[in-house]
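*Asks:* Provided herewith is a single structure, encoded as structure tokens, for subsequent inquiry.
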Amino acid sequence: MQQDIVQQIAAFKKERNAIILAHNYQLPEVQDIADRVGDSLELARISRSIVQDTIVLCGVLFMAEITKILNPDKTILMPDRHAGCPMANMITPQLLSAAKQEHPGAAVMCYVNSSAEVKALSDICCTSANGVKVASGLHENEIIFIPDQYLGAYIAQRMPGKKFHLWPGYCPTHMVFSREGLARLKQEYPDARIVVHPECRLDVQEIADQICSTSQMITYAQQSEANQFIICTELGMLHRLKKENPSKEFIPGSPNALCPNMKITTLERILWSLERMESRVEVGEPTRGKALASIERMLSV
Ligand code: 13P
Ligand code: SF4
């Protein structure tokens, strides 16, 4: 049955001249049929060099929006448009406008986990892979960082010369990791390295051997001498880590680290999407042009 769906997806992909991009948190079977799998920064970069007319984005809405903003002439499909990011919804254009009025001299640095409208009101975007680099390139000494307080704090700690106003947003999925839970795992796996996504709480970041984006975890595991890794990010990441490092062991930092929105996309939905050419993601002007400027500034760093 699954093989049947996989074959149908491949046939439609050819007929529609489409390519499938998937985030590292997608279901294993979705990652396995995708043409490219990556973190937010990689997916944005990859999307700019695609020759096909249609891109099926398997991830959450902000990722599909970025793909459309960067590729306005292509058809961008989301297999299920209900896949949102709760953190992205923790800041609105109205709230950001009020924060800008409160800190008129500050630059707005916006984590890509945000809506197109919020990006349009920001000066520059960043991802978990390039936050420190982006912040150090800003000439302003005051920064409003939205919406993730923990990624913001991670960057701020490494930029002591700049003043940060951190928005109080957070990722519910990354709140399940705790120091106590990791201490227990460390007793069981004393030689394991603790690898943490910067969306985790600061007390969890403090005991990490490595803090990095999802794809950077793969490079770290490949290059490390260690053979065991406790992974503090969404559970979908373990599929790719195991696939690309078959001789190493990956232990989830918590069995509860599920992002329900990342699991909405199934093979059946991808097939439906290609068959019906739905759900098309659109970002209207002038929002697209303004958001593009913030994303382009980030990509040029
Ligand atoms: P990455 O860019 O590290 O893949 O993170 C995206 C995300 O949504 C993490 O929760
Ligand atoms: Fe958003 Fe968290 Fe899900 Fe990432 S894991 S998409 S930040 S809710």
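No lab work stands behind these numbers, since they all come straight from the coordinates. All values derive from a computational prediction rather than experimental measurement. Reconstructed Cβ throughout: ideal geometry from the backbone, glycine too, with neighbour counts over all protein chains shown.
*Asks:* Out of every Cα pair in the chain, what percent are spaced more than 25 Å from each other?
*Replies:* Value for the chain (Cα pairs over 25 Å): 48 percent.
*Asks:* If eta is 0.692 mPa s and T is 37 °C, what Stokes-Einstein diffusion coefficient results for the stretch 22-104, Kirkwood Rh from Cα pairs, in µm²/s?
*Replies:* Rounded, D is 233 µm²/s.
*Asks:* Using θ = phi - 60° and the Karplus form 6.51 cos²θ - 1.76 cosθ + 1.60, what ³J(HN,Hα) does each residue of the stretch 224-237 get, whole Hz, x for Gly and Pro?
*Replies:* These are the phi-based 3J(HN,Hα) values: 6, 6, 5, 10, 10, 9, 9, 9, 9, 7, 4, 4, x, 4 Hz.
*Asks:* Same structure, new question: In bins 10 Å wide, starting from 0, what share of all Cα pairs of the stretch 103-239 does each bin hold, as a percent?
*Replies:* Histogram of Cα-Cα distances, whole percents per bin: 12, 40, 31, 14, 3, 0.
*Asks:* Of all the C-alpha pairs in the stretch 1-158, what % are more than 18 Å from each other?
*Replies:* 62 percent
*Asks:* What percent does the relative contact order of the chain come to when contacts are Cα pairs within less than 8 Å and at least six residues apart?
*Replies:* 24 percent
*Asks:* If the cut-off is a Cα-Cα distance under 28 Å, which lysines reach residue 13, setting aside same-chain residues fewer than 8 apart in sequence?
*Replies:* Correct list for residue 13: 68, 74, 242, 243, 263.
*Asks:* With N residues in the stretch 153-195, what two-decimal value do you get for its Cα radius of gyration over 2.2 N^0.38 Å?
*Replies:* Compared with the compact-globule rule of thumb, the stretch 153-195 sits at 1.62.
*Asks:* Once every DSSP H run of n ≥ 4 in the chain is given -39500 (n - 2.57) and the sum is divided by its residues, what mean residue ellipticity at 222 nm do you get, rounded to the nearest 500 deg cm²/dmol?
*Replies:* The per-residue figure over the chain is -11500 deg cm²/dmol.
*Asks:* May I ask you to sort 108, 37, 6 by Cβ crowding, counting other Cβ atoms within 10 Å and putting the fewest first?
*Replies:* In order of increasing Cβ crowding within 10 Å: 6, 108, 37.
*Asks:* So, one more: Can you sort 277, 159, 109 so the residue with the fewest Cβ neighbours within 10 Å comes first?
*Replies:* Lowest to highest Cβ neighbour count: 277, 159, 109.
*Asks:* If amide H atoms are built 1.01 Å from N in the plane of the peptide, which residues on other chains or at least 5 residues away come under 5 Å of the amide H of residue 249?
*Replies:* When sequence neighbours closer than 5 places are left aside, the close amide H contacts are 228, 229.
*Asks:* Once you have the Cα-Cα distance between residue 280 and residue 188, take 0.36 nm times their residue separation minus that, and quote the gain in nm to one decimal.
*Replies:* Length gained, residue 280 through residue 188: 28.4 nm.
*Asks:* For the chain, with only Lys/Arg (+1) and Asp/Glu (-1) charged at the beta-carbon, what is the dipole magnitude about the Cα centre, in debye rounded to 20?
*Replies:* That gives the chain a dipole magnitude of about 320 debye.
*Asks:* When the C-alpha atoms of the stretch 170-301 are aligned to their principal axes, what extent does each axis show, in angstrom, from largest down?
*Replies:* Sorted largest first, the three principal extents are 53, 36, 28 Å.
*Asks:* Roughly how many Å is it from the Cα centre of the stretch 16-52 to that of the stretch 106-185, as a whole number?
*Replies:* Each part reduced to its Cα centre gives a spacing of 24 Å.
*Asks:* Quick one: if you stick a label point 7 Å off each Cα along the C-beta vector at residue 158 and residue 228, how many nm between them?
*Replies:* Going from the residue 158 label point to the residue 228 one covers 2.8 nm.
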